[in-house]
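Working notes, beginning with the structure itself.
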Amino acid sequence: MSLDSASAMNVARVLTEALPYIRRFSGKTMVVKYGGNAMVDGVTEDFAQDIVLMKQTGIEPVVVHGGGPQIGDMLKRLSIPSSFVDGLRVTDEAAIDVVEMVLTGSINKHIVSGINAAGGRAVGISGKDGNLILARKLERMKLDPATLENKPLDLGFVGEPDIVNPEVLRNIMKSDLIPVIAPIGIGPKGETFNINADTVSGAVAAAMQAERLILLTDVEGVLDQDRKLIPNLSVAEAEALIKDGTIRGGMIPKIETAIEAVKSGVKAAVILDGRIPHVLLLELFTEHGAGTLITAE
C-alpha cells in the first residue's frame, strides 16, 4: 500500500469514527468558554477551525471568552491600580471602563476575526447587547481576623448573572451566525458589570439548556491524588473531590461552575486542556474524549 493510500485510509477511519458523534450532536448547542490565558499568544487557528467545523457539522457553538491577562496589561499601561480579593478583580469606576474596552473591543473582535478567517460567520456581542445578561452586584463576605466577624466586601463593579435571555442568542443563531460573548452584564440602573467568564459560560449554558458546557483551561482536566487524569465524574463525585481536597485552587471555581450547569439542566460539562491542538474535535468526535466529563450521575 502506498503512503498516499495509507493516508487516505487513515482519513477514512477518522471520519468513520466521527460519524456517530456528528449525528449525535447535530443541532445541539455547545457553549465553549475560551479563557484569557489561552489567548495570550492570540486566537489559535486550531481553536477557530474547531469552532467552524463544529458549525459545519450541524453543532451550534456559542463562545464565551475571558481576558484577565489582557485587562491586567492594559490597566498597568494606563497606571490604574488593580487588586484581587479571593481571585476576583476589584473593579472601580476607572477600571470598569478599561475592562469593557478590552473585553468588548480588542479581545471580542479578535476572536470574531479569527473565526471568520477560518471560514465561519461569527458576531461579537456583550451581555449588554439586547439585555442578554441582566446582572446584579456580586456580594461577598470575608472573615475579619481582628474581630472574627464576617464583613461585606466591596468589589466595585463586579457582578453576577441575574437573568440570561436565551432568545437573543437564538435569534443570532437562526441567522447561521456564531455568537461570541464578552462577559459584561448590565445592571438594573444601566450599570456596567464585570463578570467572571466561567460564571457567564455556565449561566448561558443553563439558559440555553445546552448539550455541553466546555471549559478550556491550561491543565488536562481533573487529576486524582496520583496526578492522573479522571476521565469521568458524576456531580456527587466531583463534590466529594472538592471536599477532600483532591480538587483545589483555581480548579474549584471551574468545577463548581460545571456542577451548577449540570444541576441546571445542561447535559454534561467538560474540562479540557486548551493547549492541545484541536482539542474540541478530539473531545466531541472521538470515543476516548480528551478531558474530564462531568454528568449528573
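Going through Val168, Val158 one at a time, which residue ends up being open to solvent by 20 Å² or more (accessible area, probe 1.4 Å), in contact with a Leu (Cβ under 6 Å, 6 or more places away or on another chain) and on the phi < 0 side of the Ramachandran plot?
Every option except Val168 fails the conditions.
Which residue is least open to solvent (accessible area, probe 1.4 Å), if the candidates are limited to segment 273-297 and must be at pLDDT 90 or above and under 19 Å from Asp226 (Cα atoms)?
Filtering first and then ranking leaves Thr292.
How many residues are over 24 Å from Leu15 (Cα atoms), of a type in the set (Asp, Glu) and outside any loop (DSSP other than H, G, I, E, B) when one looks only at segment 256-297?
Count: 2.
Kindly check whether there is at least one residue in segment 238-245 that is closer than 15 Å to Glu220 by Cβ, open to solvent by less than 10 Å² (accessible area, probe 1.4 Å), in contact with a strand residue (DSSP E or B) (Cβ under 8 Å, 6 or more places away or on another chain) and modelled with pLDDT of 90 or more.
No, because not a single residue in segment 238-245 is closer than 15 Å to Glu220 by Cβ, open to solvent by less than 10 Å² (accessible area, probe 1.4 Å), in contact with a strand residue (DSSP E or B) (Cβ under 8 Å, 6 or more places away or on another chain) and modelled with pLDDT of 90 or more.
So which pairs qualify, if the first residue must be in segment 153-182 and closer than 17 Å to Val31 by Cα, the second must be hydrophobic (A, V, I, L, M, F, W, C) and assigned to a loop (DSSP other than H, G, I, E, B), the Cβ gap must be under 8 Å, and the two must be at least 6 apart or on different chains?
Between residues of segment 153-182 that are closer than 17 Å to Val31 by Cα and residues that are hydrophobic (A, V, I, L, M, F, W, C) and assigned to a loop (DSSP other than H, G, I, E, B), the close pairs are Pro161/Ile195; Val164/Leu132; Asn165/Leu132; Val168/Leu132; Leu169/Leu132; Ile181/Leu132.
List every residue pair whose Cβ atoms sit under 9 Å apart, with the two residues 6 or more apart in sequence or on different chains, where the first one lies in segment 85-109 and is part of a helix (DSSP H, G or I) and open to solvent by 30 Å² or more (accessible area, probe 1.4 Å) and the second, anywhere, is at pLDDT 90 or above and among the aromatic types (Phe, Trp, Tyr).
Glu93/Phe157
When the residues of segment 110-130 are narrowed to those that are open to solvent by less than 10 Å² (accessible area, probe 1.4 Å) and assigned to a helix (DSSP H, G or I), which ends up nearest to Lys76 (Cα to Cα)?
Among those that are open to solvent by less than 10 Å² (accessible area, probe 1.4 Å) and assigned to a helix (DSSP H, G or I), it is Ile111.
Give me the residue from segment 128-152 that is aliphatic (A, V, I, L, M) and modelled with pLDDT under 90 and, out of that set, farthest from Thr29 (Cα to Cα).
Here the answer is Ala146.
Does any residue of segment 173-190 turn out to be in contact with a strand residue (DSSP E or B) (Cβ under 6 Å, 6 or more places away or on another chain) and basic (Lys, Arg)?
no
Among the residues of segment 200-237, write down those that are open to solvent by less than 50 Å² (accessible area, probe 1.4 Å) and assigned to a helix (DSSP H, G or I).
Within segment 200-237, Val200, Ser201, Gly202, Ala203, Val204, Ala205, Ala206, Ala207, Met208, Val235 meet the criteria.
The values are calculated or read from the model by the stated rules, or taken from the named source; none is laboratory data. Given the structure is predicted, the values throughout are model-derived calculations rather than measurements. Here Cβ is always computed from backbone atoms with ideal geometry, including for glycine, and neighbour counts include all displayed protein chains. To get the accessible areas, we keep the full protein, side chains included, count just its heavy atoms, and leave off ligands, DNA and RNA. Shrake-Rupley method; radii C 1.70, N 1.55, O 1.52, S 1.80 Å.
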